[in-house]
């Protein structure tokens, strides 16, 4: 976490958030009354966007819109933008907390701790981080018991015949790994298009998509009728799984539970038990 501005964390009583995971953690810490604006990725808890002004998409912020809420603290997740808007916010004199968006168990714990430190709630945030780490440790035990590793393809979108997938160093890649799967798109970096030939050659046994994506209405019959997917092992069993986007890719306190749920979807025959340490905020 890096800082701009000089005000004390404890004085942050008007917080504007750009990053759904930050909103999730602040609500988990009981600090929602200090939030005066959130971005459109703040989908959890569901009441957040009903209760708080929406400042727009995290990567398409308006500096004027953010500053119109008269924040005493602006919290930005990695990737918030555009850069011009972030520069204006940095120059505004308002204190800014830049939160690193870690995609590992250690990164998630550090993220929770950094969010808490930014708002003067270090101790409860450390407790939440420790609870989350315990759940990640339990998840690792479940992962170690898997006898096989199935091949999974994460599809972000399907537009005009282009299949956008989650490659290595993406949040999709990280959650598939945590769930004990093999990301068949690891040959590409980040979120990139993948050709029909490459998808067929990758031979995914399951396709994973976000429930709240632009292609959320696609059915297994529709997906596996597409040329890119027809010959895949996943097509034989019509293995298409939808999960909530922030739950799946948010990398916050609920991530161990999300990875466990994904593991259960990848390996239904393994009867994956619920996490005993889980206590969703």
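Just so you know, all these numbers are worked out from the coordinates, no wet-lab data involved. A quick note: this is a predicted structure, and the numbers were derived from the prediction, not measured. Every residue, glycine as well, gets a Cβ built from its backbone with ideal geometry; the counts of neighbours run over all protein chains shown.
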As a test of the formula, what do you get for the chain when each DSSP H run with n ≥ 4 contributes -39,500 (n - 2.57) and the sum is divided by the residue count, at 222 nm and rounded to the nearest 500 deg cm²/dmol?
-10500 deg cm²/dmol
If the chain between residue 70 and residue 226 were fully extended at 0.36 nm per residue, the gain over the current Cα-Cα distance would be 51.2 nm
Using Cα pairs closer than 8 Å and at least 6 residues apart in sequence, work out the relative contact order for the chain, in percent.
16
Averaged over all viewing directions, the convex hull of the alpha carbons in the range 1-154 casts a projected area in nm² of 10.0
Listed peptides 58-64, 165-171 by packing density, highest first (mean Cβ within 10 Å)
165-171, 58-64
Could you work out how far apart the two model spin labels at residue 140 and residue 168 are, taking each label as a point 7 Å from the Cα in the direction of the beta carbon, and quote it in nm?
2.2
For the range 151-250: rounded, prolate or oblate by the Cα gyration tensor [a/c cutoff 1.5]
rounded
Based on alpha-carbon positions alone, could you give the equivalent ellipsoid semi-axes of the range 6-90 from the gyration tensor, as √(5λ), descending, whole Å?
18, 15, 11
Length gained, residue 90-residue 196, 0.36 nm per residue minus C-alpha separation, equals 33.8 nm
Can you give the FRET efficiency to the nearest 0.05 for residue 14 and residue 276, using r as the Cβ-Cβ distance and R₀ = 51 Å?
0.85
Can you work out the FRET efficiency for the pair residue 62 and residue 217, with r the C-beta to C-beta distance and R0 = 25 Å, to the nearest 0.05?
0.25
